[in-house]
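As structure tokens, the structure follows; a few thoughts come after it.
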Amino acid sequence: MRRGVLQSMLAIAIAAVAGGWVTTAWSANALELNFWLSGPRYDGKVPLCDEHGPLDKIMSRFGTKEYRFWNSDLSIVGFERIREVAWEPWSSGTIPRRFCTASAVISDGQKHQINYSIIEDGGMLGSGYGVEWCVVGLDRNWAYNPSCRWARP
């Protein structure tokens, strides 16, 4: 008797699972279509090229990169001739970004051109702005090769 009950329960479970696989799919209702699917809304609030926030991030990350990966004590000690190269160079529907260039003064006394972009919502997990940069002549892993060309618009 007990075996018959277990077999019946197993048969019902299999039928329920199999029935769930063959049910028809329903389209999304109006609430599902408009809930959290509105797309990105950018404000165009990107720091200027000469503001301290982006420049401090570049200085810190350059020093960290040189020390950790290249066993070098080089660091950026300052910036000169900072200027904007482009603002949203592609189209107005893309992620707002500001392209900049400057002369970076390195701790060894040399000056190198630096190309960088400040990107809205480009920070950690999309919060805050992000900065991508390349120092010409010190792009040791060739991420923006040749001569940091791919860090420009």
- One can check that the equivalent ellipsoid of region 65-153, built from the alpha-carbon gyration tensor with semi-axes equal to the square roots of five times its eigenvalues, has lengths in Å, largest first, of 24, 15, 12
- Per-residue HN-Hα couplings for region 52-65 [Karplus 6.51, -1.76, 1.60; θ = phi - 60°; Hz; x = Gly/Pro]: 5, x, x, 5, 5, 4, 4, 4, 5, 5, 5, x, 5, 4
- Net charge near N141, counting Lys/Arg +1 and Asp/Glu -1 over other residues with Cβ under 13 Å of its Cβ? +1
- Message: Quick check: net charge around I76, other residues with Cβ under 13 Å of its Cβ, Lys/Arg +1 and Asp/Glu -1?
- Response: -1
- What FRET efficiency, computed as 1/(1 + (r/R0)^6) with R0 = 30 Å and r the Cβ-Cβ distance, is obtained for W70 and S91, rounded to the nearest 0.05? 0.20
- Message: Quick check: the distance between the Cα centres of region 102-128 and region 48-98, to the nearest angstrom?
- Response: 1 Å
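Read the figures in this text as sums done on the coordinates, not as results from a lab. Model, not experiment: these values are computed from the prediction. Cβ: placed from backbone, ideal geometry, glycine included. Neighbour counts: every protein chain shown.
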